[in-house]
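Reviewing the structure listed below.
The values are calculated or read from the model by the stated rules, or taken from the named source; none is laboratory data. Just so we're clear, the structure is a prediction, and the values are computed from it rather than from any experiment. Cβ sites come from the backbone with ideal geometry, for glycine too, and all protein chains shown count toward neighbours.
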Amino acid sequence: MGSRPVLASATEERDQLHLRLGAEIRARRTARDQTLKALAFEAGISYSFLSQIERGLAAPSMISLHKIATALGTTAPELMMAKAPSQALRVEASSGPRVANSHDATDSGVSRVLASAREPMRVTEVTGAPRMFLDFWEHPTDEFVYVISGSVGLQVGDDYVVLGPGDSISFDGEVPHRYRRVGDEIPKFLIVEFSPARRTPN
């Protein structure tokens, strides 16, 4: 009788994610012939913290990962899913790469990458959000947000809107934007990043 496969624990899965993520960051950095100190400076994080991330000894928040990804010319979801197989990818409810949204707020929640096809779409499930606005985000893709439960306050440039269950919004990701929790219920929402449609000249 064959033995059953041993399933990785949540801690082991998290540790493996940190190792894969660190290796991917290091590979992209060295491919650009960039030193640790140079990337840390460009990303606005400390040299020692980046060194720990690359060795899988520290976990970056989604905000820190976004800064690193921007400095490397990519996106946070793409770094998190870089080793995903090219065939159809099933992500079960209890799995998927997870990263804390921020180290600055204990109730900021986590982001779980559901799909990253690099082009043209990336899907992230976000559970929780800080009660107060944190840093702005910017990226070269368009963004679509759909709220599953709870309420989310979204600032896009100078505009502010509150989204409830079933509400959605889309906007240019290059416009500075940020999220916060509205009310007592922990929100859950989907963020879909996708490449803008190419416009043909008239």
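Residue by residue through region 31-41, note down the ones that are loosely packed, with under 13 Cβ neighbours inside 10 Å and assigned to a helix (DSSP H, G or I).
If the condition is that a residue be loosely packed, with under 13 Cβ neighbours inside 10 Å and assigned to a helix (DSSP H, G or I), then 31, 37 are the ones that fit.
Mind telling me which of the residues 165, 176, 130, 187 ends up being modelled with pLDDT under 90 and outside the structural domain of residue 69 (by TED's automatic domain parsing)?
130
Here is a yes/no grid of residues against (1) closer than 17 Å to residue 111 by Cβ; (2) in the same structural domain as residue 128 (by TED's automatic domain parsing); (3) assigned to a loop (DSSP other than H, G, I, E, B):
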{"site": "16", "(1), (2), (3)": "no, no, no"}
{"site": "29", "(1), (2), (3)": "no, no, no"}
{"site": "59", "(1), (2), (3)": "yes, no, yes"}
{"site": "64", "(1), (2), (3)": "yes, no, no"}
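Is there a residue in region 63-81 that is at pLDDT below 85, surrounded by fewer than 18 Cβ atoms within 10 Å (Cβ to Cβ) and under 16 Å from residue 18 (Cα atoms)?
Looking through region 63-81, none of the residues is at pLDDT below 85, surrounded by fewer than 18 Cβ atoms within 10 Å (Cβ to Cβ) and under 16 Å from residue 18 (Cα atoms).
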